[in-house]
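First up is the structure itself, then whatever we jot down about it.
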Amino acid sequence: MSLFKRTQIAPLEYTRRLWMRAWIAATLFFLYAPLLVLIAFSFNDSKRNIVWRGFTFKYYGKVLENDGLMAALGNSLTIAALATAFSIVLGTLAAVMLWRFRFPFKAGVEGTMALPIVVPEICMGVAMLVFFAKLDWPTDLPWPLNLSAITIAHITFCFPFVAMVVRARLAGFNKEQEEAAKDLGATEWQAFRDVLLPHMKPGIIAGALLAFTLSLDDFVITFFTSGPNTITFPVKVYSMVRFSVTPEVNAASAILIFLTILLTTVALKLQDFTKATA
Amino acid sequence: MTEKQPVISIRNVTKRFGNMVAVDNVSIDILEGEFFVLLGPSGCGKTTLLRMIAGFEMPSEGQILIGGQDMAGVSPNQRPVNMVFQSYAVFPHMSVADNVAYGLKISGVAKPEIRTRVDEALELVSLGGLGQRMPDQLSGGQRQRVALARGLVMRPKVLLLDEPLSALDAKLRAQMQFELAELQDNVGITFVTVTHDQDEALSMACRIAVMNKGDVAQLAGPSDLYEHPANRFVADFIGSVNIFEGKLTVDEPEQAVVDCPELGRVFLNHGVTGAHETTVWVAIRPEKITMLPAGQAKAKDSPDGHNIAHGQIKGLSYLGDVTVYEVRLESGRSIRVSRPNLSRWDQEDFSWDDKVSLQWHPTSPIVLLS
């Protein structure tokens, strides 16, 4: 008793209540237990994923030697990088347009821009498939041009996220800063570059992160737009799982998790850095 | 004294937003080197006028000349004026020095010159040595100095200031009023300031344009505005005043009498403009009324029964240097009288419900025609 009753718990000290701590622990367990199991079993020295038979790194080696998987990873990263780059430009410009100008049907434009976010992925996937088929989009182009269909599809659902985040960031912009820049002699473009862009930067970085991870792990839309030569990482993992869930799949997934965490950390650090100098 | 040239000429400028007339046919000449203040309540068009000078709004009608040049179609970044914004609009991602250097960099001034001019400007606003700080490490007052330096470093013909002191606390505001006036005197650049604060306007300005509903109600120096207001709006807006409606009953070159039903007969020892028997308004400042215990008043220099009133104290507020009394007159109207506390016991002379007599000098009342 003395352990818990050392001092009276103040009304707002929620984290000192036992039931609250239990709840937090349960939440964390629910969120992270599957991931921890996945990562743990990537080191399992067994062909099957059920019983622990000792520690090994060999499946990581296998993953790195798996040319098909590595090619898929290369495709995924290329697509994600391209889709993110285009989404940043498109999304930022869309956000600035919606923030700055008043035009007819603005609410409608804003709504349709958010559509790719809410439309079920399966519909988007089918729509993309039909769209590229109707256009007779060439599928036998050399790498990386053969990734163009997937990349375009990814840009479609990624850039609205960037636009949303940047638009939210712009709502807090003091227009007098832009006027001040112009007052000091800046042209429209210089004011945009020197004042508006630095303000949007954290939003752009956050949007880019979202876009990159969304593109990297997208399965449904990619599945409908990929051809035999344009397998992406999630699609490849899916095809591997169809035979059996080997520790190799675990290792591949773990690599993807590490990669995502690393990129997110780097991006957040970058953002901290820009904030510190802001 | 040589005639000063107008550095800004506002000629018959009107600005409409839809059906709303923000500025209504205003003409003002702002002279080289003066500290000019646009004063008025919110929504009177003073900020719109300032933004038209800066180029952020275009006049619907009329002309604005800066240094003799018509500014129609000249964008803000081409105008020889700079502005200090109400929010200061200091760039948060640039250091103090970079903020101040921004305009010079944009206009392609050589680096060594930028450095010396930035240092000079920071020194001028007493921010020397703080160049490497980021804006979020500065106080509100310091941020304002950055905004000032950023404008001044461009050596503009005119520096425009939009409510420059409104975001500061009272003590700092009083200090900055003084510093701004001194700074303006030092650099010799014309300042045009917008404010709704009459103290600010009176303490800093060479000349003040009092604006009301898009119109210039009066353009004059601080003491003229206070002692010789042109109309009821100005009399009421600048300082505290008692206004009574009356009829002009005596109208001679050397004297005049206004008969106010609510105050009594007001005698003036000078002539007024205004036709006999017309309705006029008498304005008397609270500090120009003398309060005495009932029956002791005897207006000097005035005929019997003129410039005297009787009433009862219904309220008082002790402000330290003065005490302001609310006196209910026999007519039922209230009149405000202020009394300096010249000795430390003066405020004990009068209290609630005391019967008092009021008197004033024949030069004190102001007769207003509108």
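The values are calculated or read from the model by the stated rules, or taken from the named source; none is laboratory data. Owing to the predicted nature of the structure, the values given are computational and were not obtained by experimental measurement. Note that each Cβ is placed from the backbone with ideal geometry, even for glycine, and that neighbours are counted across all protein chains shown. What goes into the accessible areas is simple: the full protein's heavy atoms, side chains included, and nothing from ligands, DNA or RNA. Shrake-Rupley method; radii C 1.70, N 1.55, O 1.52, S 1.80 Å.
Over the stretch B:243-368, Cα pairs under 8 Å with separation of 6+ residues give a relative contact order of 29 percent. Using alpha carbons only, the radius of gyration of the stretch B:6-236 set against its Kirkwood radius gives Rg/Rh = 0.97.
Taking all protein chains together and rolling a 1.4 Å probe, residue A:117 ends up with roughly 50 Å² accessible. Annotation: the protein assembly as shown has a Kirkwood hydrodynamic radius of 31.8 angstrom, from the mean reciprocal C-alpha pair distance. Of B:155, B:79, the residue with the largest accessible area leads and the full order is B:155, B:79 (1.4 Å probe).
In terms of overall dimensions, the C-alpha atoms belonging to the stretch A:107-218 reach 54, 31, 25 Å along their principal axes, ordered largest to smallest.
Charge tally for residue A:158 (other residues, Cβ to Cβ under 14 Å; Lys, Arg +1; Asp, Glu -1): -3. Accessible area of residue A:187 (1.4 Å probe, protein heavy atoms only, ligands and nucleic acids ignored): about 60 Å².
Taking 51 Å as R0, compute the FRET efficiency from the Cβ-Cβ separation of residue B:277 and residue B:98 and round it to 0.05.
0.15
Reported to the nearest whole Å, the Cα centre-to-centre distance from the stretch A:132-180 to the stretch B:274-351 is 75. FRET efficiency for the pair residue B:310 and residue B:227, taken as 1/(1 + (r/R0)^6) with r the Cβ-Cβ distance and R0 = 25 Å, rounds to 0.40. Grab the other residues whose beta carbon is less than 11 angstrom from that of residue A:177, score K and R as +1, D and E as -1, and report the net. Summing Lys/Arg as +1 and Asp/Glu as -1 gives -3. What spacing in nm lies between the two simple spin-label points modelled at residue A:129 and residue B:187, each 7 Å away from Cα in the Cβ direction? Taking the simple label geometry, residue A:129 and residue B:187 are separated by 6.8 nm.
Across the stretch B:84-92, computed HN-Hα scalar couplings (Karplus, 6.51 cos²θ - 1.76 cosθ + 1.60, θ = phi - 60°) run 9, 7, 4, 8, 6, 6, 5, 5, x Hz from first to last residue, x flagging Gly and Pro. Of the accessible area of chain B, computed with a 1.4 Å probe over protein heavy atoms only, carbon and sulfur atoms account for 48 percent. For the pair residue A:100 and residue B:247, a Förster radius of 45 Å applied to the C-beta separation gives a FRET efficiency near 0.15, rounded to the nearest 0.05. For the stretch B:159-176 versus the stretch B:197-215, the inter-centroid distance based on Cα atoms is 14 Å. Going by accessible surface with a 1.4 Å probe and the largest first, A:248, B:182 read B:182, A:248.
Kindly report, to the nearest 10 Å², the accessible surface of residue A:14 as traced by a 1.4 Å probe over protein heavy atoms only. Result for residue A:14: roughly 110 Å² accessible.
Got the relative contact order for the stretch B:82-214 handy, in percent, Cα pairs under 8 Å and 6 or more residues apart? Across the stretch B:82-214, relative contact order equals 30 percent. Taking the helices alone, chain A has a mean residue ellipticity at 222 nm of -23500 deg cm²/dmol, built from -39,500 (n - 2.57) per DSSP H run of at least 4 residues and averaged over all its residues. Per-residue ellipticity at 222 nm, computed for chain B from helices alone with -39500 (n - 2.57) per DSSP H run of at least four residues, works out to -7000 deg cm²/dmol. Interface size, chains A and B: roughly 1900 Å² of accessible area buried, both sides included, 1.4 Å probe, rounded to the nearest 100.
Ranking B:20, B:71, A:240 from most to least accessible surface, computed with a 1.4 Å probe over the protein chains only, gives B:20, A:240, B:71.
Report the relative contact order of the stretch B:303-370, percent, no decimals, based on alpha-carbon pairs under 8 angstrom and at least 6 residues apart. Intermediate results must be reported in sequence, preceding the final value.
Details: 98 pairs, mean separation 24.6, N = 68.
Once normalised by length, the contact order is 36 percent.
Judged by the ratio a/c of the largest to the smallest principal axis of the C-alpha gyration tensor, chain A counts as oblate, that ratio being 1.5 or greater while a/b is no larger than b/c.
For residue B:125, no residue has an amide H sitting under 5 Å from its own, ignoring neighbours fewer than 5 places away on the same chain, with H placed 1.01 Å from N. Averaged over the residues of peptide A:191-198, the number of Cβ atoms from other protein chains lying within 10 Å of each residue's Cβ is 3. Shielding value for B:49-59 is 1, the average number of Cβ atoms from other chains within 10 Å of each residue's Cβ. Couplings 3J(HN,Hα) for the stretch A:169-177, derived from phi with the Karplus relation 6.51 cos²θ - 1.76 cosθ + 1.60 (θ = phi - 60°), are 5, 5, 4, x, 7, 8, 4, 5, 5 Hz, where x marks Gly and Pro. Bin all alpha-carbon pair distances of the stretch A:65-130 at 10 Å intervals from 0 and give each bin's fraction as a whole percent. Here the calculated profile for the stretch A:65-130 is 16, 30, 34, 14, 5, 1. The coefficient of translational diffusion for the stretch B:243-368, derived via Stokes-Einstein from the alpha carbon Kirkwood radius under 20 °C and 1.002 mPa s, stands at 144 µm²/s. Here the Karplus curve 6.51 cos²θ - 1.76 cosθ + 1.60, taken at θ = phi - 60°, turns the phi angles of the stretch B:59-65 into couplings of x, 6, 9, x, 9, 10, 10 Hz, with x standing for Gly and Pro.
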